[in-house]
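Encoded as structure tokens, the structure appears first; notes follow it.
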Amino acid sequence: MPQVKRREKASEEVEEPIGNEEGIEPSAAPVTTVTQPQSYDVEEIEGVGRVTAQKLRESGYNTALDVAYAGVKELEEILGSEDRARQIIAAAQRLVGLNNFVTALEVYERKRNVQYITTGVKALDELLGGGIETRAITELAGEFGSGKTNFCHQLSVMVQLPEDKGGLKGRALFIDTENTFRPERIVQIAKYRGLDPKEALKNIFYARAYNSDHQMLIIDEAKKIIPKENIRLIVVDSLVAHFRSEYPGRENLAERQQKLNHHIAQLLKLADIYNAAVVVTNQVIAQPDMFFGNPLKPAGGNVIAHGATYRIWLRKGKENIRVARILDSPMHPESEATFKITEEGLIDGEPQ
Ligand code: GTP
Ligand code: MG
């Protein structure tokens, strides 16, 4: 995979209380290796005894790294005191070696840590500079039937491939808000990509989100399983549908955007801490004759302005042909990639 340098976007940190509800269906699959940075148990943090450790674990903080990245308000909720929260976060940061100031070399090393998941479509990988990037949010935007959900299914399989085939030998977490996840589709794609379909299914953790609050709780819960289960791809299909239907109209716009911002910030945080790729979908209301022009309206508002790092526009071509374009691509500002949606998933297709 070519490691092409790409545009950086600052991540926004939001500190808010965490939720505690179960939202993720456990998998029967065996636990695999943890690929993430050196992991210390919460009990190894200075000043954390057995009782505090238990409280932290119950709220989803399993490692010192989780605590080191936590917000004071989050931990205050759990520990009952702001001072204690600050003290424990600081101790966790010392333990994992998290400093507010890092050298440029460390920044450089961190960027080199970014990995790519192949899309399975050569032209698209080229357009993306290697594939879907970890430590970033990629938004798939497009009108109905443009292939967003198919794309998500495809990536949930591709992430499982070994690195020499463009994957990360990792698992996927699929958060489905519209009940459009199709295991049969995973079976078809896995077979085509040379994976055992049953294994491929076992490597995808599935969570159905019933409303926007539930969707956010699932993300809070997710940090419990991401490192343990070697999850390297988090899909939210669709990111905005619940928010849109629950907060309709102008009068609710501010509240909706505030919640969505928080949700996106949480996703970006997970992507960054666990070196995972986050892929979200956003439906677009297309205006006739002006697909890439200004009148095109992302249904969920401009998610990219609120933290998504990359946006892939998808549009329908003839029959099963689909065209992808990258917004603000620093490498190929004008180019598009064509692919086909078939029984086997997304495959290379001729330009129209
Ligand atoms: P919305 O969620 O409604 O916004 O659409 P989407 O962008 O998620 O589209 P989705 O990925 O569901 O794409 C649906 C399209 O994929 C259908 O219109 C079909 O043309 C195509 N498709 C889905 N499954 C298959 C398949 O097994 N074979 C073929 N050839 N095409 C398929
Ligand atoms: Mg869909």
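The values are calculated or read from the model by the stated rules, or taken from the named source; none is laboratory data. Just so it is clear, the structure is predicted and the values come from calculations on it, not from any experiment. With ideal geometry, Cβ positions are generated from the backbone for all residues, glycine too; neighbour counts draw on all protein chains shown. Side chains are part of the model used for accessible areas, which takes the heavy atoms of the whole protein and leaves out ligands, DNA and RNA. Shrake-Rupley method; radii C 1.70, N 1.55, O 1.52, S 1.80 Å.
Odds and ends about this structure:
- Inter-label distance, residue 335 to residue 165: 2.6 nm, where each label sits 7 Å from its Cα along the C-beta direction.
- For the range 114-348, fraction of C-alpha pairs farther apart than 28 Å, in %: 24
- Dividing the C-alpha radius of gyration of the range 70-226 by 2.2 N^0.38 Å, with N its residue count, gives 1.27.
- In sequence order, calculated HN-Hα J values of the range 71-78 (Karplus, 6.51, -1.76, 1.60; Hz; x Gly/Pro): x, 4, 4, 4, 6, 4, 4, 7
- Cα-Cα over 32 Å, subset of 122/269; 55/202; 73/148: 73/148
- Among the chymotrypsin sites (Phe, Trp or Tyr not before Pro) within the range 137-184, those in coil by DSSP and having at most 14 neighbouring Cβ atoms inside 10 Å are 144.
- Derived scalar couplings ³J(HN,Hα) [the range 192-202; Karplus, 6.51 cos²θ - 1.76 cosθ + 1.60; whole Hz; x for Gly, Pro]: 4, 8, x, 9, 5, x, 5, 4, 4, 5, 5
- Accessible area per residue, Å², the range 114-348 with all protein chains present, probe 1.4 Å: 37
- Placed amide H near residue 311: partners under 5 Å, 5+ positions off or other chain: 139, 327
- If R0 is taken as 30 Å, the Cβ-Cβ distance between residue 213 and residue 187 corresponds to a FRET efficiency of 0.40.
- Accessible area in the full protein assembly, largest first, 1.4 Å probe, for 124, 201: 201, 124
- Length added when fully stretched, residue 44-residue 126, from 0.36 nm per residue minus Cα-Cα: 25.1 nm
- Contact order, relative form, for the range 114-348: 30 percent (alpha carbon pairs under 8 Å, 6 or more residues apart, mean separation divided by residue count).
- Phi-based couplings in Hz for the range 151-166 (Karplus 6.51, -1.76, 1.60; Gly and Pro marked x): 4, 5, 4, 4, 5, 5, 8, 4, 4, 7, 5, x, 4, 5, 10, x
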